[in-house]
Amino acid sequence: MSIAPKALRSLLPVLVILALIALVPLASPSNRFLSLAISAGINVIALYGLSVLFGQTGILSMGHAALVGVGAYASAILARDFGVGFWLALPVAAIASAVFAMIVGIPSLRVGGHHFVIMTFAFGQLVAIVLTNGGDYTGAATGLDLTDHVTLFDADMTDLTRYYLMVVAFVTAAAVASWAIIHSSYGRTLRAIRENEKLAASLGINVGRHKIGAFVVSGVFAGISGVLLAYFLGHISPSQFSSFPSIYLALMVMIGGARLIEGPLAGGILVAFLPEVLNLDPVQSRIVYGVCLIAVIMLLPDGLIGGIVRALRGLFAGKPKPETERETAPSEARQ
């Protein structure tokens, strides 16, 4: 796969930011700060999958947290019933979430727009109901405990600083993978479908296969996120993966910006730390999130990062550019 120098330069700012984030433990932050940062990083991994689905394909899922839950419960059940550790659980959970994502993606061939958003919202609720009524197998409403330790080269990764650095490494891998997808021929095909699905189909693109493929890719990211979350918290329950956590994930990716590689990172950090910085309680946080979402939709359709990039380009170029990145015509994405 040939990558243009301009595309390579677009990845550099994210890698620099992540390198700086990896140095945070040198400042001896509090355990609360590290815990918030780990939670934000785990969300960012799922957001990179959602950005492929929403940002590149134009499909908004309100059931993404359910896919994270599939990965989390898969790792917990594997550890409890089969003694499978963290590193072996990662690929299994990723595959399980990808399979569930494919099942959810199939109806997208028949419905679209707000109908599909409602359907994915219902899927999130359905998963929560199944987990709640799963009896001893899923732990019912109380959920499952996960007491296994994560080790890497005989080092105990359950230490908060080590787990933080491991999550940063996974975020970096997720960012690079998402960037590679965006700048591949597959990514150009997804954008062609997003811009004009009928035209893309008329040019010979298998729209259905690619839309389901985007769901599968997002499911892999979500499954990995779920495993990291389960081992970090040590306890998971159905309420963590219902439709309302999915709304927060959608909120994060829309606020940060789904089409730029920096967007999920910015959205995850902003939503995680904004209540802490402003000293907001949960109710006030929801109000602020709602106001931010309305502001982004009305004023920054490309998200916060997209708006900043557009403003900087306008400042230095003397006039704003119509797009934050050049979109490839469907004819160039034909497969």
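The values are calculated or read from the model by the stated rules, or taken from the named source; none is laboratory data. The shown structure was predicted, so the numbers you read here are calculated from the model rather than taken from an experiment. As a convention, Cβ positions derive from the backbone with ideal geometry for all residues, glycine included, and neighbour counts pool all protein chains shown.
Overview of values
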quantity: Tally of residues being over 18 Å from I59 (Cβ atoms) and buried (at least 18 other Cβ atoms within 10 Å of the Cβ) across the range 115-133; calculated: 4
quantity: Some residue of the range 14-32 being in a helix (DSSP H, G or I), crowded, with 19+ Cβ neighbours inside 10 Å and at pLDDT below 95; calculated: yes
quantity: Among residues of the range 95-114, those that are more than 24 Å from G83 (Cα to Cα) and surrounded by 12 or more Cβ atoms within 10 Å (Cβ to Cβ), counted; calculated: 11
quantity: R313, sole failed condition from (1) in a helix (DSSP H, G or I); (2) modelled with pLDDT of 80 or more; calculated: (2)
quantity: Tally, over the range 289-319, of residues that are exposed (fewer than 15 other Cβ atoms within 10 Å of the Cβ) and either under 17 Å from A40 (Cβ atoms) or among the aliphatic types (A, V, I, L, M) (or both); calculated: 10
quantity: Count of residues meeting criterion [among the charged types (D, E, K, R), surrounded by 17 or more Cβ atoms within 10 Å (Cβ to Cβ) and farther than 23 Å from V44 by Cα] in the range 189-210; calculated: 1
quantity: Some residue of the range 275-284 being surrounded by fewer than 24 Cβ atoms within 10 Å (Cβ to Cβ), under 24 Å from T120 (Cα atoms), without any contact (Cβ under 8 Å) to a residue 12 or more places away in the chain and not small (G, A, S); calculated: no
quantity: Qualifying residue in the range 149-156 (condition: β-branched (V, I, T) and at pLDDT below 95); calculated: yes
quantity: Flag if A141 is closer than 18 Å to V227 by Cα, touching a helix residue (DSSP H, G or I) at 6+ places or on another chain (Cβ under 7 Å), touching a residue at least 24 places away in the same chain (Cβ under 8 Å) and aliphatic (A, V, I, L, M); calculated: no
quantity: Those helices (runs of 4 or more DSSP H) lying entirely in the range 112-213 with at least 1 residues touching a strand residue (DSSP E or B) at 6+ places or on another chain (Cβ under 7 Å); calculated: 160-182
quantity: Test: Y231 is within 30 Å of V16 (Cβ to Cβ), modelled with pLDDT of 85 or more and of a type in the set (S, T, Y); calculated: yes
quantity: Search result, residues across the range 247-256 that are surrounded by 20 or more Cβ atoms within 10 Å (Cβ to Cβ) and either part of a loop (DSSP other than H, G, I, E, B) or touching a Phe, Trp or Tyr at 6+ places or on another chain (Cβ under 7 Å) (or both); calculated: V253
quantity: Selection count, the range 299-315, where residues are over 15 Å from V14 (Cβ atoms) and either of a type outside the set (A, V, I, L, M, F, W, C) or within 17 Å of the chain's Cα centre (by Cα) (or both); calculated: 6
quantity: Within the range 38-64, tally of residues that are of a type in the set (A, V, I, L, M, F, W, C), in a helix (DSSP H, G or I) and modelled with pLDDT under 95; calculated: 4
quantity: Candidates I261, I297 - the one that is part of a loop (DSSP other than H, G, I, E, B) and either out of contact with any Pro (no Cβ under 9 Å at 6 or more places or on another chain) or modelled with pLDDT of 80 or more (or both); calculated: I261
quantity: Cβ-Cβ under 7 Å pairs, at least 6 apart or on other chains, the range 79-96 side free of Cβ contacts under 8 Å to residues at least 60 places away in the same chain, far side surrounded by 22 or more Cβ atoms within 10 Å (Cβ to Cβ); calculated: V92/A74
quantity: Number of the condition not met by S218 [criteria: (1) closer than 25 Å to I129 by Cβ; (2) surrounded by fewer than 24 Cβ atoms within 10 Å (Cβ to Cβ); (3) of a type in the set (S, T, Y)]; calculated: (2)
quantity: Residue match in the range 84-106 (condition: modelled with pLDDT of 90 or more, outside any helix (DSSP H, G or I), over 24 Å from the mean Cα position of the chain (by Cα) and hydrophobic (A, V, I, L, M, F, W, C)); calculated: yes
